[in-house]
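To start, the structure under review is shown below, and the notes come after it.
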Amino acid sequence: YGATTFVIIPMVIDNSLTIVTGSPLPSPTVGVPYNVNLTADGGSGLGYTWALDPTSPALPSGLALNPDGTLSGTTSVGTYDQNLVVSLTDSTTATTTKTLNLKTKVAAPTFSFSTAGVGPIKRGMSYTGILAITGTGTAPY
């Protein structure tokens, strides 16, 4: 009685700095405010600093990656499809990178029709009239 046994169990705790955000990123729509928060795990846990890696293509104009991991802004670039390389550094200067695809999109055009120039139509009669179309797309429609 009263005997105590100690057992030493070796353990390795993996606290690797990891970028959790998946690819592809949500697509920003041209002319619409965009805001995505990049996420990470591990490392020192005392704060992260985000940046575009020097090997990365540039972001489309109007978007910026902030040091807190917020990718935000409003782009006017409708034909952008790139594999960005983001860099993450923790407070101990451990660094990791990840490739994330970003593809912009253009909002679907909207149209409206005006029948102000359309007179009464009767079955079997010839017809001439003006139908006006306006919209957010590119004319001619």
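The values are calculated or read from the model by the stated rules, or taken from the named source; none is laboratory data. Just so it is clear, the structure is predicted and the values come from calculations on it, not from any experiment. When we count neighbours, we look across all protein chains shown, and the Cβ atoms used for this are built from the backbone with ideal geometry, even at glycine.
Going residue by residue through the range 103-118, is there one that turns out to be part of a loop (DSSP other than H, G, I, E, B), farther than 22 Å from Gly31 by Cα and modelled with pLDDT under 75? Yes, the range 103-118 has at least one match.
Would you confirm, using the coordinates I've provided, whether Ser72 is within 16 Å of the chain's Cα centre (by Cα), among the hydroxyl-bearing types (Ser, Thr, Tyr) and in a strand (DSSP E or B)? Taking the combined requirement at face value, the residue satisfies it.
Out of Thr99, Thr93, one residue alone is farther than 30 Å from Ile130 by Cβ and in a loop (DSSP other than H, G, I, E, B). It is Thr93. Taking the residues in the range 41-62 that are more than 16 Å from the chain's Cα centre (by Cα) and crowded, with 19+ Cβ neighbours inside 10 Å as candidates, determine which candidate is farthest from Val106 (Cα to Cα). Per the stated criteria, the residue is Gly43.
Screening Val85 with (1) within 30 Å of Thr134 (Cβ to Cβ); (2) touching a Pro at 6+ places or on another chain (Cβ under 9 Å) gives one miss only, at (1). Quick check on the range 42-59: of everything there that is out of contact with any Asp or Glu (no Cβ under 9 Å at 6 or more places or on another chain) and touching a residue at least 24 places away in the same chain (Cβ under 8 Å), which residue is farthest from Thr96 (Cα to Cα)? This residue is Leu59.
Looking at the structure I just gave you, is Thr29 surrounded by fewer than 17 Cβ atoms within 10 Å (Cβ to Cβ) and free of Cβ contacts under 8 Å to residues at least 40 places away in the same chain? Considered against the rule, which asks whether it is surrounded by fewer than 17 Cβ atoms within 10 Å (Cβ to Cβ) and free of Cβ contacts under 8 Å to residues at least 40 places away in the same chain, Thr29 comes out as no. Can you tell which of Val86, Val32 is in a strand (DSSP E or B) and not hydroxyl-bearing (Ser, Thr, Tyr)? After applying the criteria, what remains is Val86. Taken over the range 63-94, the residue count meeting the criterion of being modelled with pLDDT of 95 or more and surrounded by fewer than 17 Cβ atoms within 10 Å (Cβ to Cβ) is 11.
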